[in-house]
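Peer 1: If you scroll down you'll find the structure; I have some questions about it.
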Amino acid sequence: MTALTEEMYKIFDQPEFSFKKIKEYYSPAEVDQLKAQFKAVWQTWKQVNQNVAAQLPAEKFAKVHVESWTNGWNLRDHYWASYRLARLADYSPCIGVMLDRKQFQVYLMFQHYKSDKRQGTPAEYNELLEQIPAWAMSRNSDHWYLWDKDEMEFADHLPLADYLKDNDKQQTFNNEAKQTSFLLGKFAFRGHDQVADMEKFILSAMQDLLPLYEQL
């Protein structure tokens, strides 16, 4: 059980993430300290996702992918991991888990990055939009949001409850999302939502998303 702390959010409160720029503003010792802070939080992040993976049926899920804490030239401004069903290991859709300076989230997504090397199309994935109202009937919509790929990471997304109760809003969102792809996720917000057990939060949200994901 790993609690989500303010310190984990706080490392992303950086004015600059480029190593080139950081080295212009900080001394070598300060750069090393900053790297150590990022890496320490990432080690916790990695362990959380490994703990989650260990609780998933090994025959049902592919190996979890935990993105590195740098891309070589920059510190990450968020930490990310992805989970795929074993039978969809070579497909673009996945369940993503992300932590940034604003929020902690678990969401169903179509991964456009390197999608030309994977199977599945956005159009096929977006067919799941039609299933969301039925899927949501047996779930509490609190903390759940919808957005499309082109929305900025820190934008205020559409609450699932608003989507469900307004047919016009639902149709507008669906039409716009189909131009790219939709995302559906559960959020905990910094300074507002306490997460005493990150593993439990991820596993619970994944269980909720699986009925949709498994339809692919």
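The values are calculated or read from the model by the stated rules, or taken from the named source; none is laboratory data. Just so it is clear, the structure is predicted and the values come from calculations on it, not from any experiment. Every residue, glycine among them, receives a Cβ derived from its backbone with ideal geometry; neighbour counts consider all protein chains shown. Keep in mind that these areas ignore ligands, DNA and RNA; they rest on the heavy atoms of the full protein, side chains included. Shrake-Rupley method; radii C 1.70, N 1.55, O 1.52, S 1.80 Å.
Peer 1: When the chain is treated as a GNM, springs tying every alpha-carbon pair under 10 Å, which of T172, T44, T121 comes out with the largest mean-square fluctuation?
Peer 2: Judging by the Gaussian network model, the answer is T172.
Peer 1: If you don't mind, another one. Could you give the accessible area per residue of the stretch 6-214, probe 1.4 Å, as a whole number in Å²?
Peer 2: 52
Peer 1: Kindly provide the helix-only [θ] at 222 nm of the chain, computed as the sum of -39,500 (n - 2.57) over DSSP H runs of four or more divided by all residues, to the nearest 500 deg cm²/dmol?
Peer 2: Helix-only estimate at 222 nm: -11000 deg cm²/dmol.
Peer 1: Report ³J(HN,Hα) in whole Hz for each residue of the stretch 93-98, in order, from the Karplus equation J = 6.51 cos²θ - 1.76 cosθ + 1.60 where θ = phi - 60°; Gly and Pro get x.
Peer 2: Karplus values, whole Hz, x for Gly and Pro: x, 7, 9, x, 10, 9.
Peer 1: Would you tally the net charge around Y91, using a Cβ to Cβ cut-off of less than 9 Å, leaving Y91 out, and scoring K and R as +1, D and E as -1?
Peer 2: Here the charged neighbours net out to +2.
Peer 1: Next question. Please list, in order along the stretch 78-85, the HN-Hα scalar couplings obtained from phi with the Karplus expression 6.51 cos²θ - 1.76 cosθ + 1.60 (θ = phi - 60°), rounded to whole Hz, x for Gly and Pro.
Peer 2: Karplus-based 3J(HN,Hα) across the stretch 78-85 equals 7, 10, 9, 9, 9, 10, 10, 5 Hz.
Peer 1: Now for a different question. In sequence order, what are the phi-derived ³J(HN,Hα) couplings for the stretch 64-70 according to the Karplus relation 6.51 cos²θ - 1.76 cosθ + 1.60 with θ = phi - 60°, rounded to whole Hz, with x for glycine and proline?
Peer 2: Once rounded to whole Hz, the list reads 4, 10, 10, 5, 5, 7, 9.
Peer 1: In a shell of Cβ-Cβ distance under 15 Å around T2, excluding T2 itself, what net charge do Lys and Arg (+1) and Asp and Glu (-1) give?
Peer 2: After counting each charged neighbour, the total is -2.
Peer 1: Considering only DSSP states other than H, G, I, E and B, which chymotrypsin sites (Phe, Trp or Tyr not before Pro) in the stretch 1-110 qualify as loop sites with at most 13 other Cβ atoms within 10 Å?
Peer 2: Here the sparse-neighbourhood loop sites are W73.
Peer 1: Further question: By its C-alpha gyration tensor, with a ≥ b ≥ c as the square roots of the eigenvalues, how is the chain shaped: rounded for a/c under 1.5, else prolate for a/b larger than b/c, else oblate?
Peer 2: prolate
Peer 1: If you don't mind, there's one more thing I want to ask. First compute the accessible area of the chain with a 1.4 Å probe, then give the percent of it belonging to carbon and sulfur atoms.
Peer 2: 48
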